[in-house]
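First up is the structure itself, then whatever we jot down about it.
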Amino acid sequence: MRGWPIPCAILTAALLATPVIAENKFDESLRRFQIKENTNTVMAVAISPDGKTLATAGKDRSIRFFDLAAGTRTNIIRHVSDIWSLAYSGDGKTLAASDGDKNVILWDADTLKEKATIGGFETPVAMLALSPDGSLLATFEDGTQNARIWETAPAKVRAVLEGHGDKINSIAFSPDGKHVATASGDETIRLWETTAGMPGRPLRGHDGPVFLAVFSPDGKTLLSAGTRDKTVRLWDLATYKVKSVIDGHEDEVRFVGFGAKGTIVSLSKEGVVKLWDADGKETASFLGESEAGGELPPYATSVALSPDGKTLVVGHDEVVDVWDLTKVMAEK
């Protein structure tokens, strides 16, 4: 999915053991391999639910598929426009993409045959998400305050989500597909019922825009990333209250994800990856680096983490870096 300036949707990390914090420095040994097949800026990356396939896309009007273990390309879709966002359904049967022509395209993830095209958007869809069974699609357009929930077969709008006071930054489905979470520049997160788009009480607590919000695997907790306040927050969805605040980054938090038993991974605008235990204690930290030199932020455009939490994928410039987090875990 699209990462900077548009974040990713639901992502996972792995459970870590003994807390031993590494220095915030670039370590080439953590990079498993680098993909250099894209001929223009990489705007979106997504990993299939089984963790076997990596999809990359962007301004070169193509979606490329790679074996995530070997780094070899397995297929390619040639498109007519640049790709803004990618998402797999939870069952792995559908791949969705938004493009610069203001369309959303659905493909059969196995055959790569087009299933449907949804048009009529006023601006390109900045981010999209598919429900676990692929029957629903959630979208918001670039720079807008409203989102939509669609039925995918046949394609039609089920609900329009209105209520934010600033642009939406991320959208995600709950594990049971019954709710959607949106994070916004208005400093709030909103939960919506997918049946009719009815909103729940907004979650307030961040001091500044909320860049990303994702559900825990059991759907009971929400994890959010703050920009101006540089914090990660965990929310109890039964009470709508903050369970804990993780404060350790020195710049805007642009990526967060849940791992096994509540373990957390976060990535900041300055390019620092941090790993935290379920209690919010930092267990590891390292700095990624761009092929062009310097830190990741000026170049990173997309981020994804494999379902088993062992592989972190970052798209930047015209390349995709694939990082091996097991080497960080081995130090613990």
### Query
Quick one: would you say Arg190 is among the basic types (Lys, Arg), free of Cβ contacts under 8 Å to residues at least 60 places away in the same chain and under 17 Å from Ala238 (Cα atoms)?
yes
### Residue list for the stretch 199-211, restricted to those being touching a Leu at 6+ places or on another chain (Cβ under 9 Å) and at pLDDT 95 or above
Leu203, Val210
#### Entry: Scan of the stretch 158-181 for residues that are among the charged types (D, E, K, R) and either at positive phi or not in a strand (DSSP E or B) (or both), ordered by number
Glu162, Asp166, Lys167, Asp176, Lys178
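To keep it simple, each residue is scored yes or no on (1) in contact with a Lys or Arg (Cβ under 6 Å, 6 or more places away or on another chain); (2) under 17 Å from Arg61 (Cβ atoms).
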residue: His79; (1), (2): yes, yes
residue: Ala87; (1), (2): no, no
residue: Lys102; (1), (2): no, yes
residue: Ile105; (1), (2): no, yes
residue: Leu112; (1), (2): no, yes
residue: Thr117; (1), (2): no, yes
residue: Thr123; (1), (2): no, no
residue: Leu136; (1), (2): no, no
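Let's see how each residue does on (1) modelled with pLDDT under 85; (2) crowded, with 17+ Cβ neighbours inside 10 Å:
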position: Val232; (1), (2): no, yes
position: Ser266; (1), (2): no, yes
position: Gly271; (1), (2): yes, yes
position: Ser290; (1), (2): yes, yes
position: Asp308; (1), (2): yes, no
position: Thr326; (1), (2): yes, no
### Task
Would you please list the contacts, defined by Cβ atoms under 7 Å and residues six or more apart or on different chains, that run from a residue in the stretch 147-166 that is closer than 21 Å to Asp133 by Cα to a residue that is surrounded by fewer than 13 Cβ atoms within 10 Å (Cβ to Cβ) and small (Gly, Ala, Ser)?
Ala159/Ala196
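The values are calculated or read from the model by the stated rules, or taken from the named source; none is laboratory data. These figures come from a predicted structure and were not determined experimentally. Reconstructed Cβ throughout: ideal geometry from the backbone, glycine too, with neighbour counts over all protein chains shown.
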